[in-house]
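Worksheet: the structure to be examined is printed underneath.
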Amino acid sequence: MRQRCYYTHKRFRDKLIRVNNQGDIAPGSIQPVTIPRPEHNISRANISSAALKVLYKLKEAGYQSYLVGGGVRDLLLGREPKDFDVGTDATPEQVRSLFRSCRLIGRRFRLAHVRFGREIIEVATFRAMHNGESDAAADSAQSDEGRILRDNVFGTLEEDAWRRDFTINALYYDIKDFSVVDYVGGLEDLRSGVLKLIGDPEQRYREDPVRMLRAVRFAAKLGFRIHPDTEAPMHELGPLLADIPAARLFEEVLKLFLGGCALTTFELLRHYDLFRHLFPLTEEALSHEEEGFPITFVARALENTDTRLAADKPVTPAFLYAALLWEPVRLRTRELVEQGASPLEAAQIAGNEVTAAQVQATSLPKRFSFPMREIWLLQQRFERRRGKAPYRLLEHPRFRAAYDFLLLRAEVGEAPAELAGWWTDFQQLNPVEQAQKVEPAPARKRRRRRRRKKAAPAGDA
Ligand code: ATP
Ligand code: MG
């Protein structure tokens with residue numbers, strides 16, 4: 001089952017309907033509800049066998065064992081979950097002792113990863129809410145700005161519900177009797193399509209600013225509207241993302257843009273002024289118009305990413321980053337050429353500069369940044385269509401990605417359509433036709449060697 005965006009970019013602004021202000025949700029403000037199996041639609045048939053094995057094994061060992069998070073949310077919505085998360089009162093060490101293929105990960109948030117082939121089930125021990133103070137003995141810590149640095153204070157099921165991010169992410173499916181437990185009003189919000197943070201929104205964003213990105217991601221993916229209280233601080237708190245490690249932001253960027261709703265996500269990120277904190281140079285480039293037209297390449301590339309994912313075609317982080325950073329690279333290349341650099345030199349310098357600046361915001365592992373720069377550099381080689389050059393380019397391992405990139409540039413009018421068409425044709429021709437299409441390389445001028453005059457024997461005059 002493919003997941004679909006609820007609304008498209010053109011319509012999303014109309015859909016940001018404000019919902020009634022219902023005030024903060026805090027412990028004790030809502031009566032917990034338990035929905036018995038006959039009254040909800042979660043069936044074990046839709047839970048992966050790996051997740052079921054983990055759930056049952058924990059239960060049989062005498063621990064509490066719940067499916068929680070996106071798995072429960074998506075199943076209740078009739079969607080296919082991306083992964084399954086499990087909540088338990090067993091400590092990470094107790095979880096590890098139960099499973100052979102189990103690894104404990106994370107310092108900030110310690111949890112167990114249980115592996116079944118390629119599938120990983122994340123098992124988290126119930127956590128308690130933060131009291132706002134640093135308490136090394138209890139293994140929790142906050143920065144001066146209120147950001148959670150460590151969150152390893154274990155708690156009860158109810159406490160665990162209150163420390164989660166959104167109400168719709170705090171629903172628990174109990175493997176003991178197949179009921180769904182709701183402490184925070186998540187079922188009601190799921191029904192009315194509202195994304196609401198648990199607790200005081202500003203404080204929750206300060207604890208973990210990535211929650212703003214998660215709000216955008218879930219709003220785009222589920223087509224939910226963000227509750228006004230949850231939404232209000234988002235416009236202002238973007239700068240807090242500067243404190244998040246670049247590597248964590250890189251992971252979030254992949255989730256944001258490779259989840260099938262990249263275009264809506266992009267528009268929402270810009271709407272809340274969050275995009276600039278992930279891609280500062282791109283935001284800067286997009287704020288300029290080109291010859292009176294807004295720059296549309298990024299939006300077109302993201303739309304294409306969504307189309308490819310919907311058709312089960314591969315999309316790599318290298319291509320995604322190449323597209324997201326192309327505008328600043330292109331503008332900087334042009335600037336350097338105007339200053340007298342050769343086009344190739346300018347493209348190389350611009351690529352290096354933009355990459356170096358970007359990794360300050362979100363990291364980008366070298367295995368992605370190398371192919372990304374190749375995609376950029378190959379763009380100039382498409383212009384060389386004589387002699388052996390086109391054949392050599394065709395054999396380049398990055399040809400396909402670079403050609404797809406050229407097509408996108410041509411679609412928004414930034415590269416000549418004729419050039420893109422030429423390459424589309426050229427690939428499909430047989431060798432004889434190809435040879436007819438390619439103009440021969442201009443004859444190389446032979447350097448004439450001057451004959452050296454034989455030196456006259458000394459004394460000859
Ligand atoms: P999906 O897996 O579909 O992207 P998800 O809701 O399962 O969505 P995960 O990142 O897998 O998201 O996290 C699992 C659950 O852990 C969430 O549903 C939420 O309850 C909790 N959670 C994750 N990140 C945070 C956070 N930053 N703050 C509070 N709770 C969080
Ligand atoms: Mg999940």
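Each Lys or Arg adds one and each Asp or Glu subtracts one; over the other residues with Cβ under 12 Å from the Cβ of LYS53, this totals +3.
As a length-normalised measure over Cα pairs under 8 Å and 6 or more apart, the relative contact order of the chain settles at 12 percent. Taken about its Cα centre, the chain carries a charge dipole of about 3720 debye when Lys and Arg each add +1 at the Cβ and Asp and Glu each add -1 at the Cβ. Cα-based radius of gyration for segment 270-437, normalised by 2.2 N^0.38 Å, reads 1.07. Note on segment 10-241: with charges restricted to the Cβ of Lys and Arg (+1) and Asp and Glu (-1), its dipole about the Cα centre is near 1180 debye. Note on segment 270-437: dipole from Cβ charges, positive end direction compared against LEU336, ALA357, VAL315; the farthest Cα belongs to VAL315. Applying a DSSP loop filter and a limit of 13 other Cβ atoms within 10 Å to the chymotrypsin sites (Phe, Trp or Tyr not before Pro) in segment 208-280 leaves nothing.
If one computes the Cα centroid of segment 79-111 and of segment 135-214, what distance in Å separates the two points? Between the Cα centres of segment 79-111 and segment 135-214 lies a distance of 17 Å. Size descriptor for the chain, Kirkwood hydrodynamic radius: 25.4 Å (Cα pairs only, one decimal). Database remark: amide H of GLY387 closer than 5 angstrom to the amide H of GLU439, ALA441 (H placed geometrically; neighbours at sequence offset of 5 or more, or on other chains; Pro and chain starts carry no H). Positive end of the dipole of segment 270-437 (Cβ unit charges, origin at the Cα centre): among PHE293, LEU394, HIS271, the Cα lying farthest that way belongs to LEU394. The 3J(HN,Hα) values that the Karplus relation (6.51, -1.76, 1.60; θ = phi - 60°) gives for segment 236-241 are, in residue order, 9, 8, x, x, 4, 5 Hz. Gly and Pro appear as x. Around the amide H of GLN64, modelled in the peptide plane, lie the amide H atoms of ASP89, ALA90, all under 5 Å away and 5 or more residues distant in sequence or on another chain.
Placing +1 on the Cβ of every Lys and Arg and -1 on the Cβ of every Asp and Glu, with nothing else charged, gives segment 270-437 a dipole about its Cα centre of roughly 800 debye.
Extension gain for the segment GLN94 to ARG400, taken as residue separation times 0.36 nm less the Cα-Cα distance, is 105.3 nm to one decimal.
Values in this text are rule-based calculations from the coordinates and carry no lab data. Predicted model only: the values in this text are computed from it and were never measured. Here the Cβ is made from the backbone with ideal geometry for all residues, glycine too, and neighbour counts use every protein chain on show.
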